[in-house]
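Take a look at the structure set out below.
The values are calculated or read from the model by the stated rules, or taken from the named source; none is laboratory data. All values derive from a computational prediction rather than experimental measurement. Here the Cβ positions follow ideal geometry from the backbone for every residue, glycine too, while neighbour counts run over all protein chains shown. What goes into the accessible areas is simple: the full protein's heavy atoms, side chains included, and nothing from ligands, DNA or RNA. Shrake-Rupley method; radii C 1.70, N 1.55, O 1.52, S 1.80 Å.
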Amino acid sequence: MAIGRDTFAQGVVIRLFRAWSAQVDAGHAPMERLQEIVAPLDLPDETAIACASLFELIEGHLGRRLIRESCCSRRLSPDESALLGVLRVAPSLSTVAGTAAVPHGLPGAIVWAVIAVRHALGMVEPDDSPDEESHGPVPACPFSPRIRTEALHGL
């Protein structure tokens, strides 16, 4: 059942990210909207704050805005996929060493923010044992800027 809980939590994180990003883009304070999303889900009050902090920390670390998919899309933007990847692996990362999933490591503040988000959402602790994905080099950061092919093809 933990897998179902984690899948639910990932969906909540993406929904919160999209709402947070839209509010910030519109020049609004995002916390009220995030609390509106979290409240009916009976999640702890700190869920919205922990997620907003995580999003801000990642954007600050990258020095750019994260790109979101449209609010109702079932697809994930490359940044949203990377965000879920960080959410999955950050608790087992060292701040100095990376893995294949996050080759440059993560600042301690981001690792702690991920742990707070995972705790607030009741996500199970990740398996710290290495997996097949953690072997070998990865050519780029999972948050690297990418050209959206859908925009190029008019989709």
Taking a 1.4 Å probe, which of Ile115, Ile67 shows the most accessible area, and what order do the others take after it?
Ile67, Ile115
Counting only protein heavy atoms, what percent of the accessible surface of the stretch 1-96 is carbon or sulfur at a 1.4 Å probe?
56
How far apart, in nm, are two points set 7 Å out from the Cα along the Cα-to-Cβ line at Glu56 and at Cys71?
2.3
Pair Glu46, Arg64: separation of 7 Å Cα→Cβ label points (nm):
3.3
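If Asp6, Asp45, Asp25, Asp79 are ordered by their accessible area, calculated over protein heavy atoms with a 1.4 Å probe, which sequence runs from highest to lowest? Don't skip to the end; give the middle numbers.
Details: Asp6 30, Asp45 120, Asp25 90, Asp79 10 Å².
From most exposed to least exposed: Asp45, Asp25, Asp6, Asp79.
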